[in-house]
Each structure stands twice: as structure tokens, then as C-alpha cells.
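**Student:** Pasting in a structure now, in C-alpha cells, and then I'll have a few things to ask.
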Amino acid sequence: MAYFIRRGTPADLPAAFDLIMELAVYEKAPEQVTNTPELMLRDGFGPQPAFGFFVAEAPEGSVVALALYFTRYSTWKGRRLYLEDLIVTDSHRRQGLGKLLLDAVVREALEQDMSGVVWQALDWNTPALDFYRKLGAEFDNEWVNCSLSRATIEAWQYGL
């Protein structure tokens with residue numbers, strides 16, 4: 001089966017969002033998704049796009065995988081491409097789509113003169129970790145992820 005890897009467009013957002021929801025279910029957290037295709041349209045295709053993405057299109061034209069990325073800045077390394085999600089729908093896994101999408105992200109990083117590509121994977125997601133390990137990814141077990149939710153920042157206490 002021949003797949004076509006290309007940049008995502010606004011028309012791809014409903015299919016991309018379906019893949020995001022599929023991943024959220026797989027990661028046992030669909031209730032945590034607050035994003036919408038409408039927000040993605042605003043954030044990805046407005047005057048200052050916050051992200052870009054590539055899709056894998058099956059021969060019949062359906063979007064069956066995506067890689068969503070954005071630029072982050074490291075004080076130690078400079079500009080880096082952050083791979084937010086690499087998602088292949090279950091029925092199209094083990095066809096090489098993950099590697100093809102990662103190839104597109106790596107090319108994008110090189111074309112934008114980035115210092116590298118970084119991402120996260122859940123420690124229990126053995127298939128993903130094995131895939132990344134096979135590609136030569138380096139793992140860092142020292143850092144702890146931290147975040148502030150919308151509710152927390154709305155209630156933020158400024159000053160001392």
C-alpha cells in the first residue's frame with residue numbers, strides 16, 4: 001500500500017482531531033482533551049501559527065497518521081523542533097508510517113536550521129519507546145514534566 005506524506009492543511013483538521021482523540025483514548029485520558037478543530041484552525045493557520053503538522057494519506061485519500069510539531073527554544077541548545085504527537089491509527093500501524101512522518105519532521109528541522117528534535121513518550125508505552133530506541137533516540141530520565149492548568153493560571157497569585 002502506497003501512502004503519501006504531506007503538510008497538513010485546514011481541511012485535514014477534522015481527521016487530525018479524530019487521530020488526537022484516538023491517541024487520548026489509547027493513553028486513557030480522553031476527558032483531558034479540551035482542544036477542538038476550531039481552536040486548531042485558529043492556532044495553526046492564523047497570522048502567527050503555533051504549530052505545523054504532517055499527515056499520512058492512504059491511497060483512497062483518508063488521513064491515517066499525523067506528526068504535529070512546533071518550535072521551542074532551549075537556553076542551552078537554541079531553536080529545537082518539538083514533536084508534540086506522532087499518531088498512526090491502529091489499523092495502519094506497522095506499515096512504516098511513523099518512520100516516514102518522523103523523516104518529514106527531521107527534514108523540517110534541518111530546513112529550519114534547528115539544533116535538534118525533541119519529544120516525550122509515556123514510560124508505559126513500550127511500542128513507542130521500542131520504536132524510538134530502534135531509530136537511535138536518546139532517552140533522558142532526569143527531567144520531571146511540570147505544567148500549570150488553565151484553572152491554576154486563572155487563580156494565580158501574583159507577587160510575593
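**Student:** Which residue pairs have Cβ atoms closer than 7 Å, lie 6 or more positions apart in sequence or on different chains, and pair a first residue in the range 119-134 that is at pLDDT below 90 and surrounded by 15 or more Cβ atoms within 10 Å (Cβ to Cβ) with a second residue that is not in a loop (DSSP other than H, G, I, E, B) and not acidic (Asp, Glu)?
**Tutor:** What qualifies is 121/128; 121/129; 121/132; 131/98.
**Student:** Moving to a separate point now. Yes or no: residue 11 exposed (fewer than 12 other Cβ atoms within 10 Å of the Cβ), in a helix (DSSP H, G or I), at pLDDT 95 or above and of a type in the set (Gly, Ala, Ser)?
**Tutor:** Values: exposed (fewer than 12 other Cβ atoms within 10 Å of the Cβ): yes; in a helix (DSSP H, G or I): yes; at pLDDT 95 or above: yes; of a type in the set (Gly, Ala, Ser): yes.
So residue 11 fits the description; yes.
**Student:** Working only within the range 135-152, note down all residues that are modelled with pLDDT under 90 and either touching a strand residue (DSSP E or B) at 6+ places or on another chain (Cβ under 8 Å) or over 22 Å from residue 101 (Cα atoms) (or both).
**Tutor:** 140, 141, 142, 143, 144, 145, 146, 147, 148, 149, 150, 151
**Student:** Since residue 5 meets every condition but one in (1) outside any helix (DSSP H, G or I); (2) more than 16 Å from the chain's Cα centre (by Cα), which condition does it not meet?
**Tutor:** Result: residue 5 passes all but (2).
**Student:** Run down 111, 84, 57 and say which single residue is modelled with pLDDT of 95 or more and within 18 Å of residue 11 (Cβ to Cβ).
**Tutor:** Working: 111 fails: within 18 Å of residue 11 (Cβ to Cβ); 84 fails: within 18 Å of residue 11 (Cβ to Cβ).
Only one candidate passes the filter, namely 57.
**Student:** Now, a different point. Output yes when any residue across the range 36-58 is closer than 27 Å to residue 134 by Cβ, in contact with a strand residue (DSSP E or B) (Cβ under 8 Å, 6 or more places away or on another chain), buried (at least 19 other Cβ atoms within 10 Å of the Cβ) and aliphatic (A, V, I, L, M), and no when none is.
**Tutor:** Yes: one or more hits.
**Student:** Quick check on my filter: what residues within the range 14-49 are small (Gly, Ala, Ser) and in a loop (DSSP other than H, G, I, E, B)? Reasoning before the result, please.
**Tutor:** Looking only at the range 14-49, we keep the residues that are small (Gly, Ala, Ser), and these are 15-16, 24, 29, 44, 46.
Scanning the range 14-49 gives 29, 46.
The values are calculated or read from the model by the stated rules, or taken from the named source; none is laboratory data. From a predicted model like this one, the values you see are computed outputs, not experimental measurements. Every residue, glycine among them, receives a Cβ derived from its backbone with ideal geometry; neighbour counts consider all protein chains shown.
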